[in-house]
Amino acid sequence: MKGTNSNDHRENEHIVENKELNIWEALIPVIILMGMLAYNIFYADGAWFGEYSNQIILLLGGLVAAIVGFFNKTSIRRMFEEVRENLNSVLLPIMILLLVGALAGTWLVSGVIPAMVYYGLQVLNPIVFLPATIVIAAVISIATGSSWTTSATVGIALIGIGTALGIHSGMIAGAVISGAYFGDKMSPLSDTTNLAPAMAGTDLFTHIKYMSFTTGPTILITLVIFTIISLNIETTGSADVSGLLGTIEDTFAITPYLFIVPIVVIALILLKTKPLVALGTGVGLAAIFALIFQVEVLEALSERPVSAVINAIFTDTQITTDNDKLNELFSSGGMAGMLWTIYLICCAMVFGGIMDGIGALSKITKALLSIASSVFGLFASTVVSCLGLNIIASDQYLAIVIPGKMFKKAYQDKNLAPENLSRTLEDSGTVTSVLIPWNTCGAYQSSVLGVGVSEYFIYAIFNYLSPLTTLIFAAFKIKIRTIKQVKSDIQQ
């Protein structure tokens, strides 16, 4: 979002120096944070402190950092000031996240998401089943903003259909995951797609646009490889999705007119409309279309159709069908569904603010840059950090949050625009989580799809090519945007 206060904030941002602090003291909060996260995953099943364990652990990490700062002559006022600045910097991303939740709810009750599923399932063909699977999963994931929901619904259906055709389940799962995570990365409805730019200090649509430079070639290579695989395997039977299509038709009024809503939103994005305006328009249009096309659906949800639309915007919505596979897809948390991620962002800002206030970020960043002094070294350090946190912390959100905060100033010092960082966070943090069996994403996907990580790993081509692509772009300085270029674009 060029020319907004977010750019002014980045220009005025600073990282506090503290000569009293040494590198080992600076690492104490990080080591304790990692230890608590590891304990939470391996010994407490991710629920050490309940549903919001990660948020509480981040706050405890911030408390440890504050104690370290206190013993190194950092005032409480300084720490609070840095926390306040951090929280102010994410007010806009939080507002966008709330609108994303509202958009997901209204697109469900208006029939936009069901229409995408309906038309997407009809492109199946046994000869090109695997690339078609990628496309379907990608479309659904872009529409919903969730790789998890895509796998748990359409993914399960595709596994069943592909297995009936005699295709190896690992291949199908790899195709589903590749498409689902492509959509998860590129969808403005995705929490990770909102989280990465919030951590790096850029806006949502700049992030998506810049991410497309690495994501586009990666998904094309993935499609080519799966097309070759699909053309060289024998299939039997036919892809029967009539049951799913019939259920969708019985539940919703499906019409191509519903695509007006996403087309308008995409057009506004391409015209560089402010994110709040573009997403707000998408919510408003979907609400109107729901009242026009989906009256029966709304009446089933509430006695008053308008109340059903309002509930879809703010709270949980569950549309029940006679197909269990579709029931999970046809549910949304509205704005309330985004609160977990919002709380995570706020807690991360508290941890990062205190770490910044005591001078720890400066010490750690300088230590990292002394090892990786080149631009490529900085990108490589970011990729390794994201992969390491996915392995150690077992959570893709933390693999975005912590490196995002730690490397933000380092990218600025190298005259690199924040979208370089946000793109790298997604290319290496979001998509690789599913490749690790004990990571929340790997455990979830293997459980839902009924295919072990070891079985689909080699076929999750998009996921392991993504960090390699971003490193290749960095090595050859392809689409590496500088802060000077950002300022030039703003002036134009």
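The values are calculated or read from the model by the stated rules, or taken from the named source; none is laboratory data. Computed from a predicted model, the values in this text were never measured in an experiment. Don't worry about glycine lacking a Cβ; one is built from the backbone with ideal geometry, like all the others, and counts go over all protein chains shown. Remember, those area values only see protein heavy atoms, side chains included, never the ligands or the DNA or RNA. Shrake-Rupley method; radii C 1.70, N 1.55, O 1.52, S 1.80 Å.
So the values come out like this:
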{"quantity": "Gyration tensor (Cα) of segment 24-147, equivalent ellipsoid semi-axes in angstrom", "calculated": "44, 20, 13"}
{"quantity": "Summed side-chain charge close to Cys441 - residues other than Cys441 whose Cβ falls under 11 Å, Lys, Arg +1, Asp, Glu -1", "calculated": "-2"}
{"quantity": "Accessible surface, per residue, of the chain when the full set of protein chains is kept, probe 1.4 Å, Å²", "calculated": "40 Å²"}
{"quantity": "Dipole magnitude (debye, nearest 20) for segment 17-94, charges at Cβ of Lys, Arg, Asp, Glu", "calculated": "220 debye"}
{"quantity": "Which of Ile371, Ile354, Ile313, positive extreme of dipole for segment 303-372 (C-beta unit charges)", "calculated": "Ile371"}
{"quantity": "Residues whose placed amide H lies under 5 Å from that of Thr482, excluding near-sequence neighbours", "calculated": "Ala417"}
{"quantity": "Net charge dipole size for the chain [Lys, Arg +1 and Asp, Glu -1 on Cβ; Debye, nearest 20]", "calculated": "1880 debye"}
{"quantity": "Label corresponding to Rg and Dmax of the Cα atoms in Å when calculated from the structure given, among (i) 20.7, 63; (ii) 22.6, 73; (iii) 30.3, 93", "calculated": "(ii)"}
{"quantity": "Cα gyration tensor, segment 109-191 - rounded (a/c under 1.5), prolate or oblate", "calculated": "prolate"}
{"quantity": "Listed residue pairs exceeding 23 Å between alpha carbons, taken from Lys73/Lys408; Lys272/Lys414; Lys363/Lys405; Lys409/Lys479; Lys209/Lys363", "calculated": "Lys73/Lys408; Lys272/Lys414; Lys209/Lys363"}
{"quantity": "Residue-level accessible surface for Phe49, protein heavy atoms, 1.4 Å, Å²", "calculated": "80 Å²"}
{"quantity": "Protein accessible area in the chain, 1.4 Å probe - carbon and sulfur %", "calculated": "64 percent"}
{"quantity": "Within segment 74-111, backbone nitrogen closer than 19 Å to the virtual label 7 Å beyond the Cα of Glu20 toward Cβ", "calculated": "74-83"}
{"quantity": "Calculated from backbone phi, Karplus (6.51, -1.76, 1.60) coupling profile of segment 194-209 in Hz, x at Gly/Pro", "calculated": "7, 5, 4, x, 5, 6, 7, x, 10, 9, 4, 6, 5, 4, 4, 4"}
{"quantity": "Ranked packing of 408-417, 83-92, 106-115, 431-440, most packed first, by mean Cβ within 10 Å", "calculated": "106-115, 431-440, 408-417, 83-92"}
{"quantity": "Length added when fully stretched, Arg77-Arg304, from 0.36 nm per residue minus Cα-Cα", "calculated": "76.6 nm"}
{"quantity": "Net charge of Cβ neighbours under 12 Å - reference Met406; Lys, Arg +1; Asp, Glu -1", "calculated": "+4"}
{"quantity": "Loop GluC sites (Glu not before Pro), segment 288-328, which have at most 10 other Cβ atoms in a 10 Å radius of their Cβ (DSSP)", "calculated": "Glu303"}
